[in-house]
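Readers should treat all values here as calculations from the given coordinates under stated rules, not as data from a laboratory. All values derive from a computational prediction rather than experimental measurement. Using ideal geometry, Cβ is built from the backbone for each residue, glycine included, and neighbour counts are taken over all protein chains shown.
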Amino acid sequence: MIRLMLGFDVKLIIHAGTHKTATTSFQSKCMHHREELMDSGILYPVLNFKPENKNIYKLLGGNIHKLSLIQQHSYLLRLLQQDSEEDVKRFFLESLEIAHSKGCEYVLISGEDLENCLIDNSLAQRIVEIGISAGFSNIQWVFTKRDGVDYFYSLYYQLATQRVTCNPLSLIESIDQNGYFVVSNPNGVFFFVFDLSRRVTALEEKIGCDIDILSYVDFLEIAPGFNLIKRLASTENSIDYFKSNVAVNRTKASLDSIEFKYACNYLSLDHSQLTFDLHKDLLVPIINIRLQLLDSIKVKIEHVMSQYG
């Protein structure tokens, strides 16, 4: 095996979200600083080959020449869900080979859709099995935990922009009963987990890997992911480059604009001013009803979310 021939171990670090915890900002920083990260002993790999599974090209609008520009690794989950294990193994093998050639102790991947593994443990198990068979000496998972109320509203705002039809009462009831809710759209099925600690404990027992939970505050301190990189870097003084360049966008849309998008999603309309002007008489009553519903369950949301800290 490559690992034995080259004489040192390489560990795989899987940063698996959760969603809405500055993962995109972290991924952008990792991509922007790939060379510096390698100098610090950390490989943030890119996809350097054309997968056999052509569905991944949809992420790029069909442009296969931009595969290496994908900043996050959620496509690994999608490949597994479509039984493309050979593509995943090739990705791991090539990443491992580069890590050895660059003298990197760690391969770091980051994909918020890997949050799905908290519910579908079999996916996590397959990732671990493929990683170990590829030659990684150890696999460690990292999740970031956000305050429950903030997480709920942040997800609720985001889903409106993604053509999802969503009832806030159904969402909070699902979280209350299951500790998570699930959303389906043309890109797949996605789980959003609130009972993170319990799910991580169960996953840890299932796959036999160490799993860390970082608080959202710790993950954001200094810069998104800085404390994670600090933990992995060969020397603490070598990571000043990770303190700048990409900021976290905390701009929040108004509730009126969010509910406008949800109303358009229900009616299969575009999110545009022209749509609002043409269908104002239809949209305004729907928006008002949704606003009233959200306001009426505010106490319930805070009560349910209080158990998730």
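In this structure, the amide hydrogen of residue 107, modeled 1.01 Å from its nitrogen in the peptide plane, lies closer than 5 angstrom to those of 11, 12, 13, 43, counting only residues at least 5 positions away or on a different chain.
Once Rh for the chain is found with the Kirkwood sum over Cα pairs, what is the Stokes-Einstein diffusion coefficient at 25 °C and 0.890 mPa s, in µm²/s?
Details: Rh = 20.8 Å.
In µm²/s, the coefficient rounds to 118.
Between the amide H of residue 214 and those of 143, 144, 145, distances stay under 5 Å, these residues lying 5 or more places away or on another chain, with hydrogens modeled in the peptide plane.
How much length is gained if the chain between residue 201 and residue 278 is pulled fully straight, taking 0.36 nm per residue apart and subtracting their Cα-Cα distance, in nm to one decimal? Could you put the intermediate results ahead of the total?
Details: separation 77, 0.36 × 77 = 27.72 nm, distance 5.13 nm.
Difference between extended and current length: 22.6 nm.
Fully extended, how many nm does the chain gain between residue 184 and residue 240 (0.36 nm per residue separation, minus their Cα-Cα distance)?
Values: separation 56, 0.36 × 56 = 20.16 nm, distance 3.98 nm.
Between residue 184 and residue 240, full extension yields 16.2 nm more.
Of the beta bridges in the chain, as assigned by DSSP with both residues counted there, near 25 percent are antiparallel. The 3J(HN,Hα) values that the Karplus relation (6.51, -1.76, 1.60; θ = phi - 60°) gives for the stretch 93-98 are, in residue order, 4, 5, 5, 5, 5, 5 Hz. Gly and Pro appear as x. Entry note, the chain: the mean residue ellipticity at 222 nm calculated from DSSP H runs of n ≥ 4, each adding -39500 (n - 2.57), is -14500 deg cm²/dmol after division by the residues and rounding to the nearest 500.
Would you mind finding the longest exposed-site-free stretch of the chain, with exposed chymotrypsin sites (Phe, Trp or Tyr not before Pro) meaning DSSP loop and at most 12 other Cβ atoms within 10 Å? The longest such stretch corresponds to 50-309. Using the alpha-carbon atoms, what tilt in degrees (0 to 90, nearest 10) does helix 196-207 show relative to the longest principal axis of the chain? Helix 196-207 and the main axis of the chain meet at about 40 degrees.
Computed 3J(HN,Hα) for the stretch 102-114, one whole-Hz value per residue from the Karplus formula 6.51 cos²θ - 1.76 cosθ + 1.60 where θ = phi - 60°, is 9, x, 8, 7, 10, 10, 10, 10, 9, x, 5, 5, 5, glycine and proline marked x.
So how far, in whole Å, is the C-alpha centre of the stretch 267-284 from the one of the stretch 136-196? Here the two parts' Cα centres lie 27 Å apart.
In sequence order, the stretch 210-219 has phi-based couplings of 6, 10, 9, 10, 9, 6, 4, 5, 5, 5 Hz under the Karplus curve 6.51 cos²θ - 1.76 cosθ + 1.60, θ = phi - 60°, and Gly or Pro positions carry x.
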